[in-house]
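First up is the structure itself, then whatever we jot down about it.
The values are calculated or read from the model by the stated rules, or taken from the named source; none is laboratory data. Source: prediction; values computed, not measured. Cβ placement follows ideal geometry from the backbone for every residue including glycine, while neighbour counts extend to all protein chains displayed.
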Amino acid sequence: MKKEILFIIFILLLFTACQTLPKITHENPDEESHVTGRWNDSDARKVAEEMIHDCLDRDWLFNFIKKNNGANPTVIVGKIQNKTSEHIDVKPFIGSIQKALINSGKVKFVASKSEREEIREERVDQAENASDNTQKGPGEETGADFMLKGVLTSIRDQSGGTALMFYQVDLKLINMANNHIEWVGEKKIRRKIERPRWTL
């Protein structure tokens, strides 16, 4: 009898352990997926691609290329502010914007402020340690013609187990020479989240 009880306890413990193991499913990172309904990497990628496509399909780009004898403009991404009530890391969104700009082939892209500082430190190191014919000296950087800035905002409306999540991304392209705003883009995401109500 004692052995039977111990065996039953062992089976119960084994069953409980199996229940606590996580289920792992491989997801395609290029497909849109949501668990909580909040802003995620799918939103960042999709919004960036759509907004940059719209930005590069406007007259400012054609006018610049025409005025500069066929030369493509140089763009830099400035601050993208998170003004939502959530902790959203905007770095993946900025990365998606950079990728969309570079892969378009329609603009040249310069490194961010923090990246430029690191490169400048490397130039100083080269000046001391690299051979004269391989050194990259100061004063040869390409200045940006335009800066892309933006803000991410959100509104949450909830009643009971139903919530409406609303996100809005506003981007603007600013001419570095005269501060003219050459393009303004807006993208909205609205989704409904319904939590199941458990009934006994």
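Do we find that residue 172 is in contact (Cβ under 8 Å) with a residue 12 or more places away in the chain, basic (Lys, Arg) and under 20 Å from residue 59 (Cβ atoms) in this structure? Yes, satisfied. Selection of the range 142-161 for residues being modelled with pLDDT of 80 or more and either in a loop (DSSP other than H, G, I, E, B) or more than 26 Å from the chain's Cα centre (by Cα) (or both) yields 142, 143, 144, 145. Of all the numbered requirements in (1) touching a Lys or Arg at 6+ places or on another chain (Cβ under 7 Å); (2) part of a helix (DSSP H, G or I); (3) surrounded by fewer than 17 Cβ atoms within 10 Å (Cβ to Cβ), residue 96 misses one, and that requirement is (3).
Taking the range 99-112 as the range and being surrounded by 12 or more Cβ atoms within 10 Å (Cβ to Cβ) and within 28 Å of residue 138 (Cα to Cα) as the test, the residues that pass are 99, 101, 102, 106, 107, 108, 109, 110, 111, 112. The residue that is modelled with the highest pLDDT, among those in the range 87-112 that are among the charged types (D, E, K, R) and within 17 Å of the chain's Cα centre (by Cα), is 99.
Just give me the residues in the range 56-81 being β-branched (Val, Ile, Thr) and in contact with a strand residue (DSSP E or B) (Cβ under 6 Å, 6 or more places away or on another chain), in sequence order. Spell out how you get there, then give the answer.
Taking the range 56-81 and keeping what is β-branched (Val, Ile, Thr), we get 65, 74-77, 80.
If the condition is that a residue be β-branched (Val, Ile, Thr) and in contact with a strand residue (DSSP E or B) (Cβ under 6 Å, 6 or more places away or on another chain), then 74, 75, 76, 77, 80 are the ones that fit.
Does residue 102 qualify as being aliphatic (A, V, I, L, M), out of contact with any helix residue (DSSP H, G or I) (no Cβ under 7 Å at 6 or more places or on another chain), without any contact (Cβ under 8 Å) to a residue 24 or more places away in the chain and not in a loop (DSSP other than H, G, I, E, B)? Against the criterion (aliphatic (A, V, I, L, M), out of contact with any helix residue (DSSP H, G or I) (no Cβ under 7 Å at 6 or more places or on another chain), without any contact (Cβ under 8 Å) to a residue 24 or more places away in the chain and not in a loop (DSSP other than H, G, I, E, B)), residue 102 qualifies.
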